[in-house]
Amino acid sequence: MNYFVVFDVGGSAIKYSLMDRAGHFLEKSSLPTPKDGMDSFVNVIDKVVKEFQKKHIVHGIALSMPGAVDVESGYIKGITALSYIHGPNIRELIQERTGLPVELENDANCAGLAEGWIGAAKGIDDYICIVIGTGIGGALVLNKKVRHGSNLFSGEFGYMLLEDYLDQPIGESWSSLAATWGLVMQVAKRKKMDPHTLNGVKVFNMADEGDLEVQDEIEKFIKRLAVGIYNLQYIIDPQKILIGGAISKREGLIDRINEKLEIMKPNEECLDIQVHPCQFGNDSNLIGALYHFLQREMIREESIG
């Protein structure tokens, strides 16, 4: 049986796995992300692949990457914590080293693809996957295909302006107010605390312990999430909206967002706006990267045959 080596590249760690065509994991591990440049990065990828090749037939390599990934050319645009990935053609470098076909896609798009393949959006043609973390990103999938946009910025939902744009040159974005770090910053400002002493878990614990000011900030945070989702529903009108990221696992959070959406719904509209949790957590990028590879493989075969 042919297998695939799949990588999920992050700023601090690279998760990797050996997977079959159905998305099953045979082996899974992680290692630190190289900091000193592309040569070290390619060496790490090659070493992992060669270890798997000692026992298995490897058919290809799939990567989930940060940044604005051009899936056609193999280049990564934009700005990320890994500056060395911007400039070189990563696909060509890894293919030359390993002799295997390579495909790469943006990490948030991979998360969205995973849900459409075998997750919470299986069988759905048009859907949005919103990933809430330090910022807010995501994937826009229409007709079962990721829409990258003319500048590869489709799905960057967090850049939407939400508040204070009349008094400032730009104003506050959805990410700055409704991402996990945005919530932390709002709580730190109100409590006159150093934001670096807080995180999402600590903030919700403070609310659970009865801190009324923090409870109020969380209420605003949930309303801001609901407003962004409401806007996206009316702009794109997808069949389904999914929410992922660690904070989405917080018990009752999605229910509270849906309660806000129900209140916001215009009386004359029949549209029922709801959000649903993503099915996959830390494995979503790996699963989606593999699915992207399989899609690209199918396109190649159709062009030849």
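The values are calculated or read from the model by the stated rules, or taken from the named source; none is laboratory data. Note that the structure is a prediction, hence the values are computed from the model and not measured. Cβ atoms come from the backbone with ideal geometry, glycine included; neighbour counts cover every protein chain shown.
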query = Which members of the range 148-162 meet the condition of being touching a residue at least 60 places away in the same chain (Cβ under 8 Å) and either outside the structural domain of ILE128 (by TED's automatic domain parsing) or part of a strand (DSSP E or B) (or both)?
reply = LEU162
task = Looking for whichever is β-branched (Val, Ile, Thr) and without any contact (Cβ under 8 Å) to a residue 24 or more places away in the chain here; the options are VAL187, VAL201. Which one fits?
result = VAL201
inquiry  = Report every pair of residues separated by at least 6 positions or lying on different chains whose Cβ atoms are under 6 Å apart, first residue within the range 219-244 and under 27 Å from LYS144 (Cβ atoms) and among the hydrophobic types (A, V, I, L, M, F, W, C), second surrounded by fewer than 18 Cβ atoms within 10 Å (Cβ to Cβ) and modelled with pLDDT of 95 or more.
reply    = LEU242/HIS276
inquiry  = Being loosely packed, with under 13 Cβ neighbours inside 10 Å and in contact (Cβ under 8 Å) with a residue 40 or more places away in the chain: is that true of ILE57 here?
reply    = yes
inquiry  = For the structure I just gave you, tell me whether ILE124 is buried (at least 23 other Cβ atoms within 10 Å of the Cβ) and touching a residue at least 40 places away in the same chain (Cβ under 8 Å).
reply    = no
message = Suppose the filter is under 23 Å from VAL141 (Cβ atoms) and not assigned by TED's automatic domain parsing to the domain that holds LYS240; does LEU93 pass it?
response = no
query = For the range 138-168, which residues satisfy the criterion of being surrounded by 15 or more Cβ atoms within 10 Å (Cβ to Cβ) and closer than 15 Å to PRO66 by Cα?
reply = GLY138, ALA139, HIS148, LEU152, SER154, GLY155, GLU156
remark   = Among residues of the range 275-305 being of a type in the set (Val, Ile, Thr) and surrounded by fewer than 17 Cβ atoms within 10 Å (Cβ to Cβ), the residue farthest from ALA139 (Cα to Cα) is ILE304
inquiry  = Residues that are in contact with a Gly (Cβ under 7 Å, 6 or more places away or on another chain) and in the same structural domain as LEU162 (by TED's automatic domain parsing): list the helices (runs of 4 or more DSSP H) wholly contained in the range 178-290 that include at least 1 such residues.
reply    = 180-191
key: Test result for GLY23, at pLDDT below 95, of a type outside the set (S, T, N, Q) and either buried (at least 18 other Cβ atoms within 10 Å of the Cβ) or over 21 Å from GLU96 (Cβ atoms) (or both)   = no
